[in-house]
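Read through the structure below, which is laid out as structure tokens, and then see the notes.
The values are calculated or read from the model by the stated rules, or taken from the named source; none is laboratory data. Note that this is a predicted model, so its numbers are computed, not measured. Neighbour counts are summed over all protein chains in view; Cβ atoms, including those assigned to glycine, are modelled from backbone coordinates with ideal geometry.
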Amino acid sequence: MADHYEVLGVDRAATAEEIKKAYRKLARELHPDVNPSEDAAERFKLVTHAYDVLSDPDQRERYDLGPQAGFGGGGAGGFGFGDIFDTFFGAAQGRTAGPRSRRERGQDALLRIEVDLDEVIFGTKRDVDVDTAILCETCNGSCCAPGTSPVTCDICRGTGSIQRSVRSLLGNVMTSSPCGTCRGYGTVIPNPCPTCAGQGRIRAKRTVTVDVPSGVDTGMRLHLPGEGEAGPAGGPNGDLYLEVKVKHHDIFSRNGDDLLATLEVQMTDAILGTTATLAGLDGEVSIELKPGAQSADIVTVKDRGITRLRGGGRGDLKVGIQVVTPVRLNSKETQLIKEFADSRRPVPPEFSTFQQGLFAKLRDRFLGV
């Protein structure tokens, strides 16, 4: 890379005013408005960059010293124990084997999706809109404007770090810290991509098709590797996590891989027995009620529950029976009930030894307690 002093045509001992005067003279000759040639445009960039470095006292000092910058940076006095600690421990941590890469892995993303209970039986596909960082198509992650590339940092000469010799109570100690000009990358980008502003990625919406497996439940997370945020400078994507919530259903509920429902039956059907065909979550379900059915009885329909998340087969559909006693009878119905009651041996009401109540009994039978 050309020497900045040679680019401006000044001596290394030139004053700030001499550097400024040389820059103005060259700028008037090479400015694109005055000289439209490509060679002049390139020289104008070099002249401008050289002036930016040499006109700043700190950058000029580091440039003059090169990668081994700043010998004698500590004064003879004023070097305390905190400085000694930083020298031996803090600087050691900042020392790297070389410049760090601009490419980094993108962050993971977490979204929440809702699925219906019937979708959980066999699984489903779901299109999910993701608003996150994607690779910049203009620079393809290079961070540079098309036709350009990063250039080696003038201050650290591409090493990504600046070394200094600090005078301490224990003698001169060499320390290393990331270069402040290139931020430790070893290169600078003089012409950033106009689309992504030199990040190599932009924020945009995209659609991801997700296979929601059968058997998922509320709180479970689906893992989609590589579907998260794009990394800076074309770095690998992070992962996408989808937290599942199964929506409430008015009729059916769930216990593990089993589906639960309550069937209301008339007193006469409970006495005589009946067969009912009802609409289930995955088609019609036939339920056979044997004569003498009682409230809180459980009718199990095999293999009509949730398909298991891991392993084959399905759970069952468990139907709790609730016998409905008629409350409005006409005179004929009332007479028939009385005749039925008179024909049976009287059984007086009494407390049951089962004290938890009908609904608790239903719950316990559902759960197999």
If we keep just the residues of the stretch 189-209 that are buried (at least 19 other Cβ atoms within 10 Å of the Cβ) and either out of contact with any Gly (no Cβ under 8 Å at 6 or more places or on another chain) or modelled with pLDDT under 90 (or both), which is farthest from residue 112 (Cα to Cα)? 198
Tally, over the stretch 1-34, of residues that are in a loop (DSSP other than H, G, I, E, B) and out of contact with any helix residue (DSSP H, G or I) (no Cβ under 8 Å at 6 or more places or on another chain): 5
Scanning the stretch 281-337 residue by residue, those among the aliphatic types (A, V, I, L, M), out of contact with any helix residue (DSSP H, G or I) (no Cβ under 8 Å at 6 or more places or on another chain), surrounded by 12 or more Cβ atoms within 10 Å (Cβ to Cβ) and part of a loop (DSSP other than H, G, I, E, B) turn out to be 309
Taking residue 279 as the residue in question, decide whether it is in contact with a strand residue (DSSP E or B) (Cβ under 8 Å, 6 or more places away or on another chain) and on the phi > 0 side of the Ramachandran plot. no
Against the conditions (1) outside any loop (DSSP other than H, G, I, E, B); (2) farther than 30 Å from residue 313 by Cβ, where does residue 259 fall short? Just the number, please. (2)
Going by what's in this entry, would residue 264 be described as closer than 30 Å to residue 130 by Cα, touching a residue at least 60 places away in the same chain (Cβ under 8 Å), of a type in the set (Asp, Glu) and in a strand (DSSP E or B)? no
Consider only pairs whose beta carbons are under 8 Å apart and that are at least six residues apart or on different chains; among these, list those whose first residue lies in the stretch 275-293 and is touching a residue at least 60 places away in the same chain (Cβ under 8 Å) and whose second residue is part of a loop (DSSP other than H, G, I, E, B) and not charged (D, E, K, R). 281/249; 281/252
